[in-house]
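Here the structure comes first, spelled out in C-alpha cells, and everything after it is commentary.
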Amino acid sequence: MNTPIDVVSDLFIKEYNEKIHHLEALAESGSYRQYFKICSKHRTVLGVFNEDLPENKAYLSFTETFIGAGINVPRILRKAKDEKAYLVEYLGDTTLYQLQSKNTSGHLTSESLYFYKKSIDELIKIQTKTIGQLDTSFCYPRDAFDKQSI
C-alpha cells in the first residue's frame, strides 16, 4: 500500500523526472489534507494528499476558475489520476500569520500591512471576477455559506 509520502513523491518524479533531495511533512491546517514540501536540486513544490475527493474536486475546480479570472493563487502543477494527490506551486516558508506573530508590539508592521492589503485585494477579486464562473456544484462541505458555516 502506498503512503501519502509515496504518492506525492511519485507524482513529483513523474512531473519533473528529478531526484528528491528533501521531503518534509508540514502541519495540517483546517482539513484532513496532508502537505509536503518537496525539494529537488532545481525546484521546490508543495505536495498535497487528501482522500476526501469532494474536497479535492472543489479545490481543483475553484483554483482553475481563480487562475482563469487572473486571481493570484498557487498554480496546480500536476494532479494524480484519482485526484487524491496534487502538486502545487510553492510560495515560501512564511505564512501571513507567522509574519505578524513575529511582531510583539501588537501593531501591524508596514510589511504585514502590505501583505494583508494584497490578500484583501485578491479576496475582493474572488468575489467580483468569478461571478457566474464558479461551478457551485463543487461547493464543499456545504453548498451555502450560512449560519452553520459561520
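The values are calculated or read from the model by the stated rules, or taken from the named source; none is laboratory data. Treat the numbers as computed from the prediction; the structure is a model and nothing was measured. Using ideal geometry, Cβ is built from the backbone for each residue, glycine included, and neighbour counts are taken over all protein chains shown. These area figures cover heavy atoms from the full protein model, side chains too; ligands, DNA and RNA do not enter into them. Shrake-Rupley method; radii C 1.70, N 1.55, O 1.52, S 1.80 Å.
Taking the condition under 18 Å from SER119 (Cα atoms), open to solvent by 40 Å² or more (accessible area, probe 1.4 Å) and outside any helix (DSSP H, G or I), does GLY70 pass?
yes
Can you tell me how many residues in the range 1-46 are over 15 Å from ARG78 (Cα atoms), part of a loop (DSSP other than H, G, I, E, B) and not acidic (Asp, Glu)?
15
Would you call GLN127 polar (S, T, N, Q), open to solvent by 90 Å² or more (accessible area, probe 1.4 Å), over 18 Å from VAL45 (Cα atoms) and not in a helix (DSSP H, G or I)? Step through it out loud before you land on a result.
On the way: polar (S, T, N, Q): yes; open to solvent by 90 Å² or more (accessible area, probe 1.4 Å): yes; over 18 Å from VAL45 (Cα atoms): yes; not in a helix (DSSP H, G or I): no.
No, not satisfied.
How do the pairs read when you match residues in the range 82-94 that are over 19 Å from ILE67 (Cα atoms) with residues anywhere that are part of a loop (DSSP other than H, G, I, E, B) and among the charged types (D, E, K, R), using Cβ under 7 Å and keeping only pairs 6 or more apart or on different chains?
Listed by first residue and then by second, the contacts come to LYS84/GLU51.
Would you confirm whether or not the range 17-35 contains a residue that is out of contact with any Gly (no Cβ under 8 Å at 6 or more places or on another chain), open to solvent by 80 Å² or more (accessible area, probe 1.4 Å) and aliphatic (A, V, I, L, M)?
Yes, there is a match, as at least one residue in the range 17-35 is out of contact with any Gly (no Cβ under 8 Å at 6 or more places or on another chain), open to solvent by 80 Å² or more (accessible area, probe 1.4 Å) and aliphatic (A, V, I, L, M).
Can you name every residue in the range 74-97 that is part of a loop (DSSP other than H, G, I, E, B), among the hydrophobic types (A, V, I, L, M, F, W, C) and modelled with pLDDT of 95 or more?
Once the filter is applied, which keeps residues that are part of a loop (DSSP other than H, G, I, E, B), among the hydrophobic types (A, V, I, L, M, F, W, C) and modelled with pLDDT of 95 or more, the range 74-97 yields only ALA80.
Could you give every pair whose Cβ atoms fall below 8 Å, whose first residue belongs to the range 32-57 and is closer than 11 Å to LYS84 by Cβ and free of Cβ contacts under 8 Å to residues at least 24 places away in the same chain, and whose second residue is of a type in the set (Val, Ile, Thr) and crowded, with 18+ Cβ neighbours inside 10 Å, counting only separations of at least 6 or pairs across chains?
Close Cβ pairs satisfying both conditions: ARG33/VAL48.
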